[in-house]
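The values are calculated or read from the model by the stated rules, or taken from the named source; none is laboratory data. Keep in mind that what you see is a predicted model, and the values were worked out from it rather than measured. Here the Cβ positions follow ideal geometry from the backbone for every residue, glycine too, while neighbour counts run over all protein chains shown. Ligands, DNA and RNA are stripped out before the accessible areas are found, and what is left, the full protein with its side chains, is counted by its heavy atoms. Shrake-Rupley method; radii C 1.70, N 1.55, O 1.52, S 1.80 Å.
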Amino acid sequence: DITFQVENIVFPSAPFVFVVPYYAETDKVVLKKYGNAIVSRDVSANAPEVRVISPNGVQKHANHIDIVWEGTDTDGDQLAYLVLFSRDNGATWNIVDIPDPYTATSYKWDVSAEPYGTEYIVRVIVTDGINTGMDESDAPFTIEAVSELFLPSLRR
């Protein structure tokens, strides 16, 4: 029974991540509280797959980017996604601030506050609750200030 408080806002729940040994013969993962199961997840035979459709390199963006992907799971499990971005061609990663869990396959990302850069990449991670898959932009894309993006056309 834990609550989390940030700047006087109390959150009744928060996501968490932990690592446990995984054995190939595992068929179910059970989370217990005081010995009572509170949630369980069957381990399916196949990992889900995801493919980033956009952005996929060489484009220039200013105010927003439509991040679009498609996810599949041969087991038919419900999928959830985590969207990350890198400003430095994948050396470091940040989370795109979208609702959790996110089950849609697109998101309009407001990049108006992002700094200018030519090495942005998007990564999408998919999970069925146990198994995961991942894909990222095929090549870096650019985020420019609105004035920089439209100045060449205004100078004509």
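Brief remarks follow.
- Residue in segment 17-32 that is under 17 Å from VAL96 (Cβ atoms) and surrounded by 14 or more Cβ atoms within 10 Å (Cβ to Cβ) present: no
- Subset tally (residues that are open to solvent by less than 40 Å² (accessible area, probe 1.4 Å), more than 14 Å from GLN78 (Cβ to Cβ) and aliphatic (A, V, I, L, M)) for segment 90-132: 6
- For ASN8: the one exception among (1) closer than 27 Å to ILE130 by Cβ; (2) open to solvent by 70 Å² or more (accessible area, probe 1.4 Å): (1)
- Selection status of LYS108, part of a strand (DSSP E or B), at pLDDT 90 or above and out of contact with any strand residue (DSSP E or B) (no Cβ under 6 Å at 6 or more places or on another chain): no
- Only one of the listed residues (GLY90, GLY129) is touching a strand residue (DSSP E or B) at 6+ places or on another chain (Cβ under 7 Å), part of a loop (DSSP other than H, G, I, E, B), in contact (Cβ under 8 Å) with a residue 40 or more places away in the chain and farther than 26 Å from VAL20 by Cα. That residue is GLY90.
- Residues located in segment 1-40, provided they are more than 29 Å from PHE85 (Cα to Cα), of a type outside the set (A, V, I, L, M), assigned to a strand (DSSP E or B) and touching a strand residue (DSSP E or B) at 6+ places or on another chain (Cβ under 8 Å): LYS28, LYS32, SER40
- Scan of segment 63-87 for residues that are more than 14 Å from SER137 (Cβ to Cβ) and without any contact (Cβ under 8 Å) to a residue 40 or more places away in the chain, ordered by number: GLU70, THR72, THR74, GLY76
- Residues (farther than 30 Å from GLY76 by Cα and not hydrophobic (A, V, I, L, M, F, W, C)) located in segment 133-147: PRO140, THR142, GLU144, SER147
- The combined condition, being open to solvent by less than 70 Å² (accessible area, probe 1.4 Å), of a type outside the set (A, V, I, L, M, F, W, C) and closer than 29 Å to SER112 by Cα, is not fulfilled by PRO48.
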